[in-house]
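Peer 1: My questions will all concern the structure given below.
The values are calculated or read from the model by the stated rules, or taken from the named source; none is laboratory data. The structure presented is a predicted model; accordingly, all values stated were derived computationally and were not measured. Cβ coordinates were reconstructed from backbone atoms using ideal geometry, including for glycine residues, and neighbour counts include every protein chain displayed.
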Amino acid sequence: MTRGALVAIEGLDRTGKSTQTEILIKTLKQQGKAIELIKFPDRTTQIGQLINKYLTDKEFRLSDQSAHLLFSAKRWELVEKINNLLTQGVTVLLDRYVYSGVAYSAAKGLDFQWCLNPDLGLPKPDVVLFLKFKDDGNMKRGGFGEERYEVDEFQKKVKVMFERFDGDNNWRNLYVDGKSIEEVREEVWTHVVKYIDGLDTNVQLFK
Ligand code: Z5A
Ligand code: MG
């Protein structure tokens with residue numbers, strides 16, 4: 001039986017992930033496709049509220065390791081929902097996922113593999129669209145600088161860590177420099193269109 005596809009949109013801060021996921025979900029729903037958006041971190045559950053406090057309140061102290069495990073716990077909290085949707089044939093669109101989890105924590109100096117370990121066993125996206133600036137264009141976008149991680153030097157380190165996933169067969173770089181929202185939308189569409197009617201293969205897991 002055909003299952004839904006797992007599609008992740010990833011990238012540094014302000015690269016347009018939420019803009020594009022929202023456009024995509026709207027377009028596909030209008031076409032009558034079964035699709036659901038899950039945003040990480042979802043800040044509404046108890047774990048999500050703690051993460052929100054950590055991100056927005058610079059006085060709120062957590063060790064880097066415990067912050068990392070909270071983000072991972074947030075993903076495990078939703079794994080049953082994701083698997084059920086995929087089994088029912090629903091495409092699941094992820095706004096950030098494991099890759100953000102590893103990249104931001106490893107950029108703080110934590111060991112890359114240590115960061116990936118708690119996420120092993122989670123469903124692996126069929127395709128990851130990595131929205132990418134060649135330079136530091138994301139830091140010039142509206143709203144940049146308001147949260148804990150939105151600091152130029154740190155963003156450069158995060159980029160290096162994200163790039164360690166480049167080479168995985170599900171990874172697609174999508175350059176956004178100087179492109180309008182509409183231009184990026186068109187490129188996102190060319191990648192996603194192959195997946196929206198589902199897949200016959202088993203869901204891969206992070207291992
Ligand atoms: N984090 C972590 O450490 N560990 C984890 O496991 C996970 C996350 C999952 C909050 O994430 C933080 O959590 C994040 C990583 C860390 N770091 N920080 N800070 P978040 O996803 O909640 O962050 P956010 O507040 O939604 O921001 P964002 O995701 O970084 O932004 P975005 O979604 O990529 O961008 P956007 O909101 O779509 O667009 C930003 C602005 O640019 C907006 O004004 C748009 O209108 C504009 N925009 C978008 N596209 C364009 C184009 N093409 N041209 C011009 N302007 C554009
Ligand atoms: Mg966003």
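Residues are listed down the side, and each one gets a yes or a no for (1) over 28 Å from Gly142 (Cα atoms); (2) more than 16 Å from ligand 2 (Cβ to nearest atom):
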| site | (1), (2) |
| --- | --- |
| Gly11 | no, no |
| Thr15 | no, no |
| Gln20 | no, no |
| Gly48 | no, no |
| Tyr54 | no, yes |
| Gln65 | yes, yes |
| Val79 | yes, yes |
| Leu94 | no, no |
| Gly101 | no, no |
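Peer 1: Name, by its number, the condition in (1) over 19 Å from Leu37 (Cα atoms); (2) among the aliphatic types (A, V, I, L, M); (3) touching a strand residue (DSSP E or B) at 6+ places or on another chain (Cβ under 6 Å) that does not hold for Met161.
Peer 2: Failed condition: (3).
Peer 1: Which residues, taken from the stretch 11-31, are within 14 Å of ligand 1 (Cβ to nearest atom) and either basic (Lys, Arg) or touching a Leu at 6+ places or on another chain (Cβ under 9 Å) (or both)?
Peer 2: Once the filter is applied, which keeps residues that are within 14 Å of ligand 1 (Cβ to nearest atom) and either basic (Lys, Arg) or touching a Leu at 6+ places or on another chain (Cβ under 9 Å) (or both), the stretch 11-31 yields Gly11, Leu12, Arg14, Thr15, Gly16, Lys17, Gln20, Thr21, Glu22, Leu24, Ile25, Lys26.
Peer 1: Is it the case, given these coordinates, that Thr44 is loosely packed, with under 14 Cβ neighbours inside 10 Å, within 16 Å of ligand 2 (Cβ to nearest atom) and either touching a residue at least 24 places away in the same chain (Cβ under 8 Å) or not in a helix (DSSP H, G or I) (or both)?
Peer 2: yes
Peer 1: Does the stretch 100-120 contain at least one residue that is under 18 Å from the mean Cα position of the chain (by Cα) and not in a helix (DSSP H, G or I)?
Peer 2: yes
Peer 1: Can I ask one more? Go through the stretch 1-39 and give me each residue that's under 18 Å from Gly89 (Cβ atoms) and assigned to a strand (DSSP E or B).
Peer 2: Arg3, Leu6, Val7, Ile35, Glu36, Leu37, Ile38
Peer 1: Please verify whether Asn84 is surrounded by fewer than 17 Cβ atoms within 10 Å (Cβ to Cβ), free of Cβ contacts under 8 Å to residues at least 12 places away in the same chain and within 23 Å of Met161 (Cβ to Cβ), treating the condition exactly as stated.
Peer 2: So Asn84 fails the test.
Peer 1: Something else about it: Do we find a residue being on the phi > 0 side of the Ramachandran plot, more than 15 Å from the chain's Cα centre (by Cα) and not in a helix (DSSP H, G or I) anywhere in the stretch 59-69?
Peer 2: Start the filter on the stretch 59-69 by keeping residues that are on the phi > 0 side of the Ramachandran plot, which leaves none.
Scanning the stretch 59-69 turns up no residue that is on the phi > 0 side of the Ramachandran plot, more than 15 Å from the chain's Cα centre (by Cα) and not in a helix (DSSP H, G or I).
Peer 1: Could you say whether any residue in the stretch 178-195 is among the hydroxyl-bearing types (Ser, Thr, Tyr) and either touching a Lys or Arg at 6+ places or on another chain (Cβ under 7 Å) or near ligand 1 (Cβ under 9 Å from one of its atoms) (or both)?
Peer 2: yes
Let's see how each residue does on (1) within 14 Å of the chain's Cα centre (by Cα); (2) part of a loop (DSSP other than H, G, I, E, B); (3) among the aromatic types (Phe, Trp, Tyr):
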residue	(1), (2), (3)
Val128	yes, no, no
Lys134	no, yes, no
Met139	no, no, no
Phe154	no, no, yes
Phe162	yes, no, yes
Lys179	no, yes, no
Glu183	no, no, no
Tyr195	no, yes, yes
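Peer 1: From Leu6, Leu62, which residue is more than 10 Å from ligand 1 (Cβ to nearest atom), of a type outside the set (Ser, Thr, Tyr), modelled with pLDDT of 95 or more and buried (at least 16 other Cβ atoms within 10 Å of the Cβ)? Give the derivation first.
Peer 2: Values: Leu62 fails: buried (at least 16 other Cβ atoms within 10 Å of the Cβ).
Only one candidate qualifies: Leu6.
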